[in-house]
Amino acid sequence: MVNATKSVYDLTNTSLTDNIFDFVKEVNNLTGQTFMTGILLVSFIILFIAFRDKGTNDAILGAGFITSVIAVLFTALNLVPRWVAILIFSSYALFFTYRMIKG
Amino acid sequence: MKYTELVIGVIIFSGVLFVLLFAAGSIGADYGSSDADTYLRLANVSANYTELETQKNGTIDKIKTRLDDAEFSIVSAAVGAIDSVLQGAKLMKDSIGTTGRLVDQVQEDSQGKIHPIVPKIIKAIITVTLIMIIFIVMMKVKPET
């Protein structure tokens, strides 16, 4: 018979939470903050595909803007690492600047 | 890339970066983010850099002497856009502050009858709406080239 109490696996019950936010936070901690970073990446890709009929440049601008706003909220809730947020902000600002200057 | 384009680029870049970092810092402070102070510090660095380029060095005057009227009108439009970025950031800061105080006051007056999550939701909705409005305006502002 296997003794579960001596198991080497982490058997933390992640469903023992009051709300979805705690659950997401727990999953994010378990995955080393990559879960919500992945959500951001996927959001950008989905938005980019959704906006693609407006042209590639406008699609990147629109998807980047919404992803930046989501990143602001995620970082306020400690869901994404600082370097990811700063990378997203800088990329968006750089592309925005490029569009402003090049038209 | 021309010198003027580079200067304008730096100003716009630091302006947009300031707005995003400031939003991350101020909203993060409300929600207890451990990185809020870092974002606010970076936002200040970015804002100082924007002001340094536009005011301290008198860059706009310097550009004017180098360009003809047609070129300068493009630069003026870009400067107008930068101004809207900075005004937008100030508007956002004031609006978020006022809304936050108002919601906190309502929560206090209700003497615990309102669930604590309700003010947070109201703050989040208003903040996101403000950011959306300001950024949509910013996206529409583009110099005619």
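Quick note: the coordinates plus some simple rules give every number you see, no bench work behind them. Model, not experiment: these values are computed from the prediction. When we count neighbours, we look across all protein chains shown, and the Cβ atoms used for this are built from the backbone with ideal geometry, even at glycine.
How many of the residues in the stretch B:16-32 are facing chain A (nearest Cβ under 8 Å), surrounded by 21 or more Cβ atoms within 10 Å (Cβ to Cβ) and not aliphatic (A, V, I, L, M)? Number of matching residues: 1.
Candidates are the residues of the stretch A:67-97 that are more than 7 Å from every other protein chain (Cβ to nearest Cβ) and surrounded by fewer than 16 Cβ atoms within 10 Å (Cβ to Cβ); the one that is farthest from A:Arg52 (Cα to Cα) is A:Trp83. Filter the stretch A:24-56 for residues that are acidic (Asp, Glu) and either more than 20 Å from A:Leu73 (Cβ to Cβ) or not in a helix (DSSP H, G or I) (or both) and give the result. Scanning the stretch A:24-56 gives a single hit, A:Asp53.
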